[in-house]
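To keep things clear, I will list the structure first and then write my remarks on it.
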Amino acid sequence: MTSPPFPGALVVRARRQLLGFSQEELAREAGLSVALLQKLELGEYDPRSLHQLARQVLEKRLDISLL
């Protein structure tokens, strides 16, 4: 089994769920598609490739670092 490109994916999903955000709500706030947020949570998308503003919104809302 290969490791995902973004190993912190589980943290993103766990924090979103813990804080009670839906994928739709968080994606909208960050200016992302729900499909992209889903890929990020599955570890299939590296958040360092996100637009800086989207990354900042996710980091602030989830209180995590994506770098």
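The values are calculated or read from the model by the stated rules, or taken from the named source; none is laboratory data. Since this is a predicted model, take the numbers as computed values, not measurements. Methodologically, a virtual Cβ is constructed for each residue, glycine included, from the backbone with ideal geometry; neighbour enumeration extends over all protein chains shown.
Summary table below
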item	result
Cβ pairs under 7 Å, 6+ apart, first in region 38-61 and closer than 17 Å to Leu19 by Cα, second surrounded by 16 or more Cβ atoms within 10 Å (Cβ to Cβ) and of a type in the set (D, E, K, R)	Glu41/Arg13
Check on Glu29, of a type outside the set (Lys, Arg) and part of a helix (DSSP H, G or I)	yes
Residue within region 32-43 that is in a loop (DSSP other than H, G, I, E, B) and modelled with pLDDT under 95 present	yes
Check on Gln56, over 10 Å from the mean Cα position of the chain (by Cα), part of a helix (DSSP H, G or I), of a type in the set (S, T, N, Q) and surrounded by 13 or more Cβ atoms within 10 Å (Cβ to Cβ)	yes
